[in-house]
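Worksheet: one structure, shown below.
The values are calculated or read from the model by the stated rules, or taken from the named source; none is laboratory data. Computed from a predicted model, the values in this text were never measured in an experiment. Reconstructed Cβ throughout: ideal geometry from the backbone, glycine too, with neighbour counts over all protein chains shown. Areas reflect the complete protein model, heavy atoms only, side chains present, ligands, DNA and RNA absent. Shrake-Rupley method; radii C 1.70, N 1.55, O 1.52, S 1.80 Å.
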Amino acid sequence: MHKNNQINESIKLRLERSCKSSASAQIISSPPVSGLSRIQARFVGDFFEPHRHDTYALGLTMQGIQAFGYRGDRRYSQPGQIIVLHPDELHDGGSGTDDGLLYRMLYLEPSLIREALGEKFVSLPFVETPVLDDPELQTAMITALGELECNLSDLARDDTISQISHCLVRHAKGSHAKSSKPSVRKTHSSAVDRAKDFLYENACRNVHSEELEQITGMDRFTLSRHFRKAFGTSPHRFLIMRRLEFARSMIEEKHPLADIAFTVGFADQSHLNRHFKKAYGISPGQWASYCNS
């Protein structure tokens with residue numbers, strides 16, 4: 001009971017400046033870092049509708065009880081516990097009590113996990129239990145999330161990714177054995193990396209399957225299979241998520257939503273709205289109001 005009602009002292013010392021309760025909903029985003037994003041959210045009640053990210057989503061609960069649906073069950077995270085959500089897994093989010101919720105999230109591109117683990121790991125680590133008590137992982141999360149207003153240095157970023165990657169493997173279900181054909185594995189890895197880079201660079205326009213076939217040397221179906229294995233999502237969804245990332249940055253810079261939709265490659269504002277809500281659980285307008293509150 002003592003554990004359930006008190007925040008770990010180390011979290012109090014390092015995060016207490018951000019733990020000011022308020023009834024109003026608020027989202028704070030950190031300065032962008034390549035492959036990594038961080039937010040703080042504060043709200044009461046049910047908040048995020050069911051949605052999916054194409055990144056690993058790792059959360060640190062700071063105040064209140066975090067309640068969320070994930071893989072068919074209702075889950076709860078208490079202060080000091082870590083939430084781990086695998087890419088492309090449907091989930092929602094809300095406060096488990098009337099006292100409200102304060103937490104921080106770290107979103108990591110799967111490519112960073114692959115890079116940190118090296119070639120001996122042939123698939124992304126899947127953590128079956130989404131709520132963890134792990135002092136090592138907690139320390140890495142506090143380091144990454146302690147000061148959202150500041151950029152992470154390159155060394156801090158790389159160390160955080162390395163620590164988190166190996167913690168995920170330690171908790172992961174299943175085998176990550178070496179491939180019996182390392183040369184083939186390396187070829188596939190290079191091809192999907194080229195596809196990923198191309199999609200990122202061309203996210204604001206329609207990309208055709210023939211283009212990806214040409215730059216990777218794979219047929220579209222083989223590429224889709226290996227891309228999903230490497231990054232936890234499909235090439236199409238990866239493209240849409242990059243557009244939404246650009247859109248979110250423009251929203252936080254207070255650009256008009258109609259202009260944002262056109263700039264990042266959506267047909268119109270309603271098209272942006274539909275995809276944004278599927279990815280983040282709230283509408284672009286709500287995101288704008290919470291970020292500016």
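Spatial offset of region 223-293 relative to region 46-64 amounts to 16 Å, using the alpha carbon center of each.
Between GLY146, GLY72, GLY217, the GNM of the chain built on Cα springs shorter than 10 angstrom shows GLY72 fluctuating the most.
Comparing LEU148, LEU101, LEU244 in a Gaussian network model of the chain, where Cα atoms under 10 Å apart are tied by springs, the biggest mean-square fluctuation is seen for LEU148.
Among the listed values (i) 15.4; (ii) 19.4; (iii) 17.9, the one matching mean projected area of the Cα convex hull in nm² as calculated from this structure is (i). For region 58-151, GluC sites (Glu not before Pro) are listed when DSSP marks them as loop and at most 13 other Cβ atoms sit within 10 Å of their Cβ; the list is GLU119, GLU128, GLU149.
The helix-based estimate of mean residue ellipticity at 222 nm for the chain, built from -39,500 (n - 2.57) per DSSP H run of four or more residues and divided by its residue count, is -14000 deg cm²/dmol to the nearest 500. Atom-type composition of the exposed protein surface of the chain places 50 percent of the accessible area on carbon and sulfur (1.4 angstrom probe).
Just to confirm the number: angle between the C-alpha axis of helix 220-231 and the first principal axis of the chain, 0 to 90 degrees, nearest 10? Long axis of 220-231 versus the principal axis of the chain: about 30 degrees.
Per residue, the solvent-accessible area of the chain (1.4 Å probe, heavy atoms of protein chains only, all protein chains present) comes to 48 Å². Using the Cβ of TYR103 as centre and a radius below 12 Å, the other residues enclosed give a net charge of +3, where K and R count +1 and D and E count -1.
Applying the criteria of a DSSP loop state and at most 16 other Cβ atoms within 10 Å to the trypsin sites (Lys or Arg not before Pro) of region 95-159 yields LYS120. Relative to the longest principal axis of the Cα atoms of the chain, the long axis of helix 135-145 makes an angle of roughly 90 degrees.
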